[in-house]
Amino acid sequence: MTPVTLIDTLGREAREAAQKLALMTTEDKAEAVRAAAQSIRESEAEILAENQKDLDNASDLPAAMQDRLKLDPQRLAGIADAADAIAALPDPVGEVIKTWEQPNGLKFERVRVPLGVVGIIYESRPNVTADAGLLCVMAGNAAILRGGSEAVHSNRALHKAIVAGLEKVGVPGAAVQLVPTQDRAAVGAMLKASGLIDIIVPRGGKSLVARVQEEARVPVLAHLDGICHVYVDGAADPDMAEKIAVNAKMRRTGICGAMETLLIDKAAIEFAPRIIRALLDEGCEVRGDVTVNGMDERVKPAAAEDWDTEYLEPIVSAKMVDGVTGAVEHIAAHGSHHTDSIITDDQAAANRFLAQVDSAIVMHNASTQFADGGEFGFGAEIGIATGRLHARGPVALEGLTTYKTRVLGSGQARPK
C-alpha cells in the first residue's frame, strides 16, 4: 500500500468514526477516555518495555530529547491521570456561545461543534500519543497520529492500550489511529489530505513545523519553538526573582516552557549577580552580555545567535536591558511568541509588560514552566499554539472545536 493510499484509508475510517463521536453524549465520551486511561495503567509493563527499546536506540539523541522520550512508572501514571482529568473537564461541544435575534424574528445561536478529523504530527514525546488522541475523542474528533521514529515502540504500545480501552466501551478503534509506517512520504500524504483531514497540528522542532507550513494543503495549528524569556524588573523582590529564574530554567530544561533567555533591568544591578550565581551553582551554563560577564568568572560571552536559540539544555543567555521598554523590544526582536514572564512588585510595570508582549502566554511573578495545559486546568494539551488564528496558547478541548450558527425561524422568507 502506498503512503497516499494508506492515508486515504485512514482518513476515510477516521471520518466515519468522527461522525459517530460527534453524536455521542458527554458521559459516553468521558467513559471512553476513562477506559483508555485504565487500559494504559493495566498495560504498564508492556509500555515500559517498549519504551526501553526506544531508549536503547536513543544514545545519539540530545539529552533533552532523551528526557522527553523516557517513560517510567511515575510518568506513565501521570499520562493516565491526565486522561482521567480530560474526562472530568466540561464538554465544550454543544455549548451555545452567543444568541441574538433580528427584528424580523429570526433567532440565531452560535454553537460549538467538533473540528472533525485532526492530524497530529509530533516528535520524541510518547505522552502526546495519549494526550492528543484522548483530547480529540473528548472533543468529539477522530485523531490520526504520526509520531517520530525515535518513539515508535512507545507510541505503538500506548496506542494499542488506548484502542483496547475505547473498543471495550463500544467506541470504534478508528477514533484514534496511529500511522503504521515511519515513511516520511506518509507525512506528505497527510499534509495533502484535504477533505479527509480537517486540521494538522505539528508538534516538534523548527524543521518539522517549517515543512508542515510549507507543504500543507490542510489548515495548520502550529506549535513552534519556545524561546521563553524571564524579565527581572528593578522593582522585583530579589528572593522571588532568584527562585523563579532558577525554576524557569532548571526544573526541566527540555520542555518548550523552559526559560532560554534571562533579561535583567539595569535598575536591578545590585541583586542581579546573585541570580546569575544561583543559575551557575545549579549547573546551568550562562552566556551573558558584557555586563553579565563581569558578574562571575564562570559566565561565557554570548554570541549573536544565542538570543535566538532554544537550547532545551542547561544553558541560558542573559542580558541587561533598560527597563520594561528594553525587555519588550528584545522579546519582540528575538522571541517566538510562546511564553514570557515579568518578575516585579510594580503593578504598573507588570501591566505594561502583559499588554505589550505579543506572546501566546504572558505571566507576572510566575515561572514559565507553568506553560502547560495541565497547569492551566485543561487536563492535558495537544500543543501550545503560537500563531494568531483559531486557538492560541495551550490547545485543549475548546481549541479542538469550531462553531456553527443555527438559525431558528417561524416561516420567514427574505423580501425581494
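The values are calculated or read from the model by the stated rules, or taken from the named source; none is laboratory data. This structure is a prediction, so every number in the text was calculated from the model and none was measured. Methodologically, a virtual Cβ is constructed for each residue, glycine included, from the backbone with ideal geometry; neighbour enumeration extends over all protein chains shown.
Taking the conditions (1) surrounded by 15 or more Cβ atoms within 10 Å (Cβ to Cβ); (2) farther than 30 Å from residue 381 by Cβ in turn, residue 230 satisfies each one other than (2).
When you scan region 272-282, do you find a residue that is under 22 Å from the mean Cα position of the chain (by Cα), hydrophobic (A, V, I, L, M, F, W, C), surrounded by fewer than 22 Cβ atoms within 10 Å (Cβ to Cβ) and farther than 30 Å from residue 176 by Cα, even just one? There is no residue in region 272-282 that is under 22 Å from the mean Cα position of the chain (by Cα), hydrophobic (A, V, I, L, M, F, W, C), surrounded by fewer than 22 Cβ atoms within 10 Å (Cβ to Cβ) and farther than 30 Å from residue 176 by Cα.
When residues in region 398-416 are screened for being more than 20 Å from residue 109 (Cβ to Cβ) and assigned by TED's automatic domain parsing to the domain that holds residue 118, 2 of them pass. Taking region 380-416 only, how many residues are in a loop (DSSP other than H, G, I, E, B) and farther than 21 Å from residue 226 by Cα? The number of residues fulfilling the criteria is 9.
Inspect all residues belonging to region 85-97 and state whether any of them is out of contact with any Leu (no Cβ under 8 Å at 6 or more places or on another chain), surrounded by fewer than 14 Cβ atoms within 10 Å (Cβ to Cβ) and assigned to a strand (DSSP E or B). The answer is yes; a qualifying residue exists. In region 18-46, the residues that are touching a residue at least 60 places away in the same chain (Cβ under 8 Å) and crowded, with 19+ Cβ neighbours inside 10 Å form Cβ pairs under 6 Å with partners that are of a type in the set (Gly, Ala, Ser) and not in a helix (DSSP H, G or I), at six or more places apart or across chains, as follows: 18/116; 18/142; 21/140.
For region 289-296, the criterion of a residue being of a type outside the set (A, V, I, L, M, F, W, C), under 21 Å from residue 66 (Cβ atoms), crowded, with 17+ Cβ neighbours inside 10 Å and touching a strand residue (DSSP E or B) at 6+ places or on another chain (Cβ under 8 Å) is satisfied by no position. Taken together, the criteria exclude residue 398 from residues that are free of Cβ contacts under 8 Å to residues at least 12 places away in the same chain and either touching a Leu at 6+ places or on another chain (Cβ under 9 Å) or among the acidic types (Asp, Glu) (or both). Within the option set 32, 82, 14, 22, being in contact with a Leu (Cβ under 6 Å, 6 or more places away or on another chain) and over 14 Å from residue 154 (Cβ atoms) holds for one residue only, 32.
Given the criteria modelled with pLDDT of 95 or more and within 21 Å of the chain's Cα centre (by Cα), does residue 82 qualify? It is false that residue 82 is modelled with pLDDT of 95 or more and within 21 Å of the chain's Cα centre (by Cα). Take residue 169 and tell me if it is aliphatic (A, V, I, L, M), surrounded by fewer than 19 Cβ atoms within 10 Å (Cβ to Cβ) and over 12 Å from residue 120 (Cβ atoms). It is true that residue 169 is aliphatic (A, V, I, L, M), surrounded by fewer than 19 Cβ atoms within 10 Å (Cβ to Cβ) and over 12 Å from residue 120 (Cβ atoms). If only residues of region 318-340 that are in a strand (DSSP E or B) and within 13 Å of residue 257 (Cα to Cα) are counted, the one that is farthest from the chain's Cα centre (by Cα) is 340.
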